[in-house]
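Report on the following structure.
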Amino acid sequence: MFRLEVRTSTPAWFNLALPLLAIAATLILCSGLIALAGAGVLESYGVMFTASLGDSYAITETLVRAAPMIFTGLAVAVAFRAKFWNIGAEGQLLAGAVASCFVGAIPMPGPLAMLLMALAGAAAGAAVALVPATLRVKFKVDDVVSSLLLNSVIYYALMALIEGPWKDSFSGYPISPPIEDSANFPVLIEGTRLHLGVVAALVAAPLIWFLIVRTTLGFRIRVTGENPEAARYGGIHVERVLISTALLSGALAGLAGVGEVGGVHFQVMSDISPGYGYSGIVVAMLARLNPLGVVPAAIFLAAVMTGAEAMSRATGVPAFLSDVIQGTALLAMLVALLFTAYRIRRVGAIG
Amino acid sequence: MSAPLIEMRGITKTFGALKANEAVDLSVAPGEILGLLGENGAGKTTLMNVLFGAYAPDAGEILIQGRPVRITSSADALAAGIGMVHQHFHLAPRLTVLENLLIGIPGKSGRIDRTGGLARLAEISSQHGLTLDPDLPVSALSVGEQQRLEIVKALFRGARLLILDEPTAVLAPSEVEGLFSALRSMAAQGLGIIFISHKLNEVRALTHRCTVLRHGRVAGRVDDPANTTSAAMAQLMCGHEIVPPARGPSVPGAGVLTLDGISTSRHSGTALRDVSLAVRAGEILGIAGVSGNGQRALAEVISGVRAPDAGRMTIAGQTVSRFSPREVQALGLGRIPEDRMTTGLVTNLPLADSMVLPRIGTSAFSARGLLKPDAIRAFAEEQIKAYDIRCPGPMTRAGALSGGNLQKALLARELAFDPKVLIVSQPTRGLDIGAARFIHEKFLDMRAKGCGIIVIGEDMEELLVLCDRIAVMYEGRIAGTLDSADATVARLGLLMTGAEGHG
Ligand SMILES: Nc1ncnc2c1ncn2[C@@H]1O[C@H](COP(=O)(O)OP(=O)(O)OP(=O)(O)O)[C@@H](O)[C@H]1O
Ligand SMILES: [Mg+2]
């Protein structure tokens, strides 16, 4: 017989082992679905792998997809460290996209446009995140619920915008006008879509890591998240820390939207985000809220997304398997996290 | 006595490299109250968790009435007639007393047997004097009542052996006698009881026999606790003699903490009503009183987490204006809280983080918003060495430390910055004699250095040993202040019940 026993410390190698274990478990569990769809499991995973990481072009495509999830993953990781339950990265991303699209459509020199787009997008995301944070600090409103519900509000506001004032009067499509050509993010490798925003995402991760681990703000975020009472008695202004965290988290999610507008779509439409904000939660959990871990976790999910499309074309397995893999990975990781708190022991015979 | 009710033979339990229990033998006869003694970390709780099925032992066997049994879960333990009252209660706060009792007990055809439950509760209550209102939600019960409910719960399920892990640590002195008479009445009916406590006078008053653990092994047994001195028991526990520290005469200086007409509004618990106090440099002032008479509000005001509605407070001559923890700290206040885990430390983060928490913004540990990780680590390492805090290192999770070591860590963190005033609540709750002695010594050192110390406590013996003056709180007021030379338990007791005093 086996039973769970409380653990007093967690070995360091767990940080690496747990996500890998969760991913392995996910792929095994999902192979059943592939078999059910009548395709070869190894063949399908093979196609997924080559299509997403098999050559340098595939890799750049995967990175382009990973970029927004790195930003939303960082947004969620920062927020969850302070136990500010920001489920609203999706709405913050959309707000960032809209704001940067506004700015990008104004004629001005390219570099200035890009800078202002980033600032506007970050500010818009931060402003959206401020709502659930303020409601929680001032009125003790549950932040999970308020940040989640706000996603729908933002989404329908965006729809109203592209169906209304922004609607393309010529074609009638519900899309915004494009941003100025000069505001398009430069492509770094000729013939690919690898844009400047991807590099920004890759640079953001170590910066956020530094902020969490090495700055007093990061210290306050960690302590507030783990024990707000001790933080308060220790002279930390807990409400102020929560608000700062929310602003930072929202700004990061907003930047995800900026990258999509400036580097990928050059305009805003209703499906600009296939749920990158929600994927950010999966990414942050796989990374165990470590900003450095967010990068590989986001790349994994991006590879699953690009890979699943190719697999569906090659083997006929529906592409929404990618959503199933994401969901399963989150559940597997949550189960795996149990092992940081408990260990399994065999109950030996007594007497 | 008759054959043992329960016998543990050769129990060994290891956590990694640590042997928490090693070849421990223990037995309890029906009707016997067994004391289980030992320093912090000696392995008492671990041994009881093995008996209760929470841990599987690495070696050894458990016999109930001479028959070997396997206990692998608390359900097994309950079925075998073993009940345990943990230090942290396991109750459902939103459910009523009766509902808590009936959890997990199969009712008639899927329905809760309310009448049967009420009758059984009434029977148990009247037998042992454990009265409880069956319809009150648990969240409305005092700590003492919750403990009573845990005991009744165990009896409800037919426990023949009851384990109590430091039950008196959470009780006011006045509640202890009630608990003891209930336990005696249960023993008289043939129940076996295992009683864990660090307070040796309680052990001597209650138990029939004691088993003493040291470093996980049985260090000795005491067959006649009532006629054994506390000093002899302490020696058995620690392996060496414990001498109480001597409090020399002090020369109090100027007032370092003054409260002048402080009142608070009702918030949670008793409010303060026109409290005036002064602690002078080089003096230890005790605050005695039955808990719930405003001590909590007093500690909150002094710590700067609650602003009073009226009155003035000064620290080292400076008026406190904003009442924030940061302000009072900056003026020179150190604080050692009663609840180490909730308002003191951050259990899930490295110990070093907790040790620098109140001063993270100062130049010692950060500059221009950046932490100084080397300084933080060095500080923690230094304190770990200076205070002999037992742990693998500064990066250990704070929650993994034992109570005594946590208390030392908090003490180290506050004393490192030479506070002018120190406010302390229940400084030795849950600590063994040796650790308590160490803490007392540190307070006396600080006093000699000219620090003013205010100790809020319920243990009058401790206050009498430690304090120069003792003020008694009653219903949010200072009922009177006595010089410790004139103070006796009896005089303090009188003030604590609200009798008018002059001092
Ligand atoms: N789950 C665990 N994992 C690792 N070590 C543990 C665990 N539980 C207890 N220990 C260690 O085992 C030893 C015995 O601990 P235990 O809690 O049994 O002591 P105790 O006698 O009850 O002390 P106290 O008087 O402080 O309650 C201690 O060194 C403790 O740190
Ligand atoms: Mg214990």
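The values are calculated or read from the model by the stated rules, or taken from the named source; none is laboratory data. Only a predicted model underlies this, so the values are computations on that prediction, with no experimental measurement involved. Using ideal geometry, Cβ is built from the backbone for each residue, glycine included, and neighbour counts are taken over all protein chains shown.
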Query raised in the report: Considering only the stretch B:293-319, how many residues are aliphatic (A, V, I, L, M) and within 14 Å of another protein chain (Cβ to nearest Cβ)?
Result: 5
Requested in this report: Name the one entry in B:LEU345, B:LEU370, B:LEU351, B:LEU333 that is at the interface with chain A (Cβ under 7 Å from one of its Cβ atoms) and surrounded by 17 or more Cβ atoms within 10 Å (Cβ to Cβ).
Outcome: B:LEU345
Report summary line: Requiring at least 1 residues that are farther than 30 Å from B:THR396 by Cα and without any contact (Cβ under 8 Å) to a residue 12 or more places away in the chain, the helices (runs of 4 or more DSSP H) wholly within the stretch A:1-106 are A:14-36, A:41-53, A:56-81
Query raised in the report: Just to be sure, is B:GLU61 away from ligand 2 (no atom under 16 Å from the Cβ), within 11 Å of another protein chain (Cβ to nearest Cβ) and in a strand (DSSP E or B)?
Result: yes
Requested in this report: Determine if the stretch B:153-167 includes at least one residue that is free of Cβ contacts under 8 Å to residues at least 40 places away in the same chain and in the same structural domain as B:VAL203 (by TED's automatic domain parsing).
Outcome: no
Requested in this report: Could you tell me whether any residue of the stretch B:91-99 is within 16 Å of ligand 1 (Cβ to nearest atom), buried (at least 17 other Cβ atoms within 10 Å of the Cβ) and away from chain A (no Cβ under 14 Å)?
Outcome: no
Query - Residue ID - surrounded by the fewest Cβ atoms within 10 Å (Cβ to Cβ), chosen from residues in the stretch A:164-190 that are closer than 14 Å to A:GLY104 by Cβ and hydroxyl-bearing (Ser, Thr, Tyr) - result: A:SER182
Query - Failed item, numbered, when B:GLY16 is tested on (1) closer than 30 Å to B:ALA205 by Cα; (2) away from ligand 2 (no atom under 16 Å from the Cβ) - result: (1)
Query raised in the report: Looking at B:GLY220, B:GLY158, B:GLY216, which one is more than 30 Å from B:LEU463 (Cα to Cα), surrounded by fewer than 18 Cβ atoms within 10 Å (Cβ to Cβ) and within 16 Å of ligand 1 (Cβ to nearest atom)?
Result: B:GLY220
**Report entry** Residues located in the stretch B:161-177, provided they are surrounded by 19 or more Cβ atoms within 10 Å (Cβ to Cβ) and out of contact with any helix residue (DSSP H, G or I) (no Cβ under 7 Å at 6 or more places or on another chain)
**Finding:** B:LEU161, B:LEU164, B:GLU166
**Report entry** Selection count, the stretch B:12-31, where residues are away from ligand 1 (no atom under 12 Å from the Cβ) and either crowded, with 22+ Cβ neighbours inside 10 Å or not in a loop (DSSP other than H, G, I, E, B) (or both)
**Finding:** 6
Requested in this report: Just give me the residues in the stretch B:32-50 being away from ligand 1 (no atom under 12 Å from the Cβ) and farther than 21 Å from B:GLN235 by Cβ, in sequence order.
Outcome: B:GLU32, B:ILE33
Query raised in the report: Residues that are within 14 Å of chain B (Cβ to nearest Cβ) and closer than 30 Å to B:GLU300 by Cβ: which helices (runs of 4 or more DSSP H) entirely in the stretch A:172-251 hold 2 or more of them?
Result: A:216-226, A:228-233
**Report entry** Candidates B:GLY43, B:GLY66 - the one that is within 16 Å of ligand 2 (Cβ to nearest atom), touching a residue at least 12 places away in the same chain (Cβ under 8 Å) and not β-branched (Val, Ile, Thr)
**Finding:** B:GLY43
Query raised in the report: Out of all the residues in the stretch B:447-459, is one or more modelled with pLDDT under 90 and out of contact with any strand residue (DSSP E or B) (no Cβ under 6 Å at 6 or more places or on another chain)?
Result: yes
Query raised in the report: Take the residues of the stretch B:69-88 that are in a loop (DSSP other than H, G, I, E, B) and within 16 Å of ligand 1 (Cβ to nearest atom): which is farthest from the other protein chains (Cβ to nearest Cβ)?
Result: B:GLN87
Report task. Report whether or not B:GLU150 is within 16 Å of ligand 1 (Cβ to nearest atom), of a type in the set (Asp, Glu) and part of a helix (DSSP H, G or I). Result -> no
Query - Residue that is farthest from A:VAL76 (Cα to Cα) [pool: residues in the stretch A:107-136 that are of a type in the set (Val, Ile, Thr) and in contact (Cβ under 8 Å) with a residue 60 or more places away in the chain] - result: A:THR134
Query raised in the report: Considering only residues of the stretch B:402-427 that are within 16 Å of ligand 2 (Cβ to nearest atom) and in contact with a helix residue (DSSP H, G or I) (Cβ under 8 Å, 6 or more places away or on another chain), which is farthest from B:ALA386 (Cα to Cα)?
Result: B:GLY403
Query - Of all residues in the stretch B:177-202 being away from ligand 1 (no atom under 16 Å from the Cβ) and within 19 Å of B:LYS44 (Cβ to Cβ), the one that is farthest from the other protein chains (Cβ to nearest Cβ) - result: B:ASN201
